[in-house]
Amino acid sequence: MDIKLSPEDQAFADEVRRFIRDNLPADIADKVRRDIHLAKDDYMRWQQILGARGWHVMTWPEAHGGPGWTITRRYLFEVISAEMDCPLIQPFGPRMAGPVIFTFGNDDQRARFLPGIRDSTVWWCQGYSEPQSGSDLASLATRAEDRGDHYLVNGQKIWTTYAHYADWMFCLVRTSKEDRPQKGISFLLIDMTTPGITVQPIPMLEGTHSFNTVFFEDVKVPKENLIGVEGKGWTYAKFLLEHERVDNAAIGVTKAALRRVKEIAAAEPGDGGRPLIEDPLFHARLTAVEAQLMSLELAALRTLSAVASGGSPGPASSLLKIRGTEIAQRISELGSEAVGWYALPWQPEVLDGSSNEEPIGPAHAGPAANAYLWRRCMSIYGGSNEIQRNIIAKQMLGL
């Protein structure tokens, strides 16, 4: 695989840098740079700027309103965006709901739902996991009863990221208990303003609110919101999850996090008054994780190259998910280690930018513990790493 940029791709990279430099709001870039929590408006403002350029749905083909970028250009866009302190594009619409809708939906559904995703005027969330059906998703119990022209949905979803922001949810529901569990699952699109939906927050370990429990009590969902064929939802879910796990490698974001740890280590004193980054033991740990990240990047590029040639990520997506999350967690550990005792004070007002007081310790110390604690969930979401190892054992090793 030749990873050297062609003159055309180099010109594209220059174009992306110019666009970000000229259009990314300075207050949003500052929050990202300082690891300050972003509000819904921060995400939406940037995504709508991208949407006006046609770049919000950067993985979509031109036939559905995307830019039709090659794998190389998608990769360049993501890495440059992270390098230049852009917010992470929330994936639920452009990377999840959208591809399922334009791949398996009908023309009316494409006309109805895709424009709001392209423009980032509609926020989506994912209704997959349930209290007893996280890793074993096929055992989900949320049911959708056929009532003629609509389904009546009852049940519960959990760990639903940004459900409190969402306008719509793409949701797996059980429409039949016959045959194998996977064959009774269907894929519904649900308006989050429908009566009978209750969103309950789940506070995170570091005090933020991104996850939720969602309750459904006699929620009416029109039949026209069923994607594809009733009972085929498991097929559509697997299509989505394979691509989500490639995304969870998060190369660009992790490279940006490593860069910040290097900056912190260069500013923090080590033994003998020299910068911590010059300490042989710390430097060895830092370079080891950097080498792992470089290896992961090449593996991700190989997988993306196979997808560009018409293939599927397959079980390789599980490998990328495992290593990507483990490396990101290791980098957050080094960040906390670099600031030492200053990682201990609990300073939530520093994380949301609401404090008028000086933080305890250097400015970069406040978010260090937050980053460490938040990244504990990375090896769980998108299918826990233990389950990914089972997939690898079964599909790659034949065990």
Can you name the residue in segment 302-321 that is modelled with pLDDT of 80 or more and either of a type in the set (A, V, I, L, M) or touching a strand residue (DSSP E or B) at 6+ places or on another chain (Cβ under 8 Å) (or both) and, of all such residues, is nearest to residue 259 (Cα to Cα)? 320
Check on residue 324, open to solvent by 20 Å² or more (accessible area, probe 1.4 Å) and either free of Cβ contacts under 8 Å to residues at least 12 places away in the same chain or out of contact with any strand residue (DSSP E or B) (no Cβ under 9 Å at 6 or more places or on another chain) (or both): no
Can you pull out the residues in segment 137-180 that are open to solvent by 50 Å² or more (accessible area, probe 1.4 Å) and on the phi > 0 side of the Ramachandran plot? 148, 159, 179
Test for residue 289: is it assigned to a helix (DSSP H, G or I), modelled with pLDDT under 90 and among the β-branched types (Val, Ile, Thr): no
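For segment 159-189, name all the residues that are more than 24 Å from residue 98 (Cβ to Cβ), touching a strand residue (DSSP E or B) at 6+ places or on another chain (Cβ under 9 Å) and assigned to a loop (DSSP other than H, G, I, E, B). Outline the logic, then answer.
Step one: filter segment 159-189 for residues more than 24 Å from residue 98 (Cβ to Cβ), giving 174, 176-181, 183-184.
When the remaining residues are screened for being touching a strand residue (DSSP E or B) at 6+ places or on another chain (Cβ under 9 Å), the result is 174, 176-177, 181, 184.
Result: 176, 177.
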Residues of segment 353-399 being closer than 23 Å to residue 250 by Cβ, open to solvent by 70 Å² or more (accessible area, probe 1.4 Å) and in a loop (DSSP other than H, G, I, E, B), in sequence order, are 380, 396
Of the conditions (1) assigned to a loop (DSSP other than H, G, I, E, B); (2) modelled with pLDDT under 90, residue 68 clears all except one; give me its number. (2)
Within segment 249-306, work out how many residues are open to solvent by less than 40 Å² (accessible area, probe 1.4 Å) and among the β-branched types (Val, Ile, Thr). 6
Pairs please, first residue from segment 335-346 and within 20 Å of residue 259 (Cα to Cα), second anywhere and of a type in the set (D, E, K, R) and in a helix (DSSP H, G or I), Cβ atoms under 9 Å, 6+ apart in sequence or on different chains. 335/260; 337/285; 343/337
Name the pairs: first residue in segment 42-54 and over 13 Å from residue 162 (Cβ atoms), second residue open to solvent by less than 10 Å² (accessible area, probe 1.4 Å) and assigned to a helix (DSSP H, G or I), Cβ to Cβ under 7 Å, at least 6 apart or on different chains? 45/28; 46/28
Qualifying residue in segment 1-19 (condition: modelled with pLDDT under 95, in a loop (DSSP other than H, G, I, E, B) and under 20 Å from residue 370 (Cα atoms)): no
Looking only at residues that are charged (D, E, K, R) and at pLDDT 90 or above in segment 200-220, which one is least open to solvent (accessible area, probe 1.4 Å)? 218
Conditions (1) under 18 Å from the mean Cα position of the chain (by Cα); (2) part of a helix (DSSP H, G or I) -> residue 56 fails only (2)
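The values are calculated or read from the model by the stated rules, or taken from the named source; none is laboratory data. Given the structure is predicted, the values throughout are model-derived calculations rather than measurements. No Cβ is skipped: glycine too gets one built from the backbone with ideal geometry, and neighbour counts run over all protein chains shown. Note: accessible area is taken over every heavy atom of the protein model, side chains too, but ligands, DNA and RNA are not part of it. Shrake-Rupley method; radii C 1.70, N 1.55, O 1.52, S 1.80 Å.
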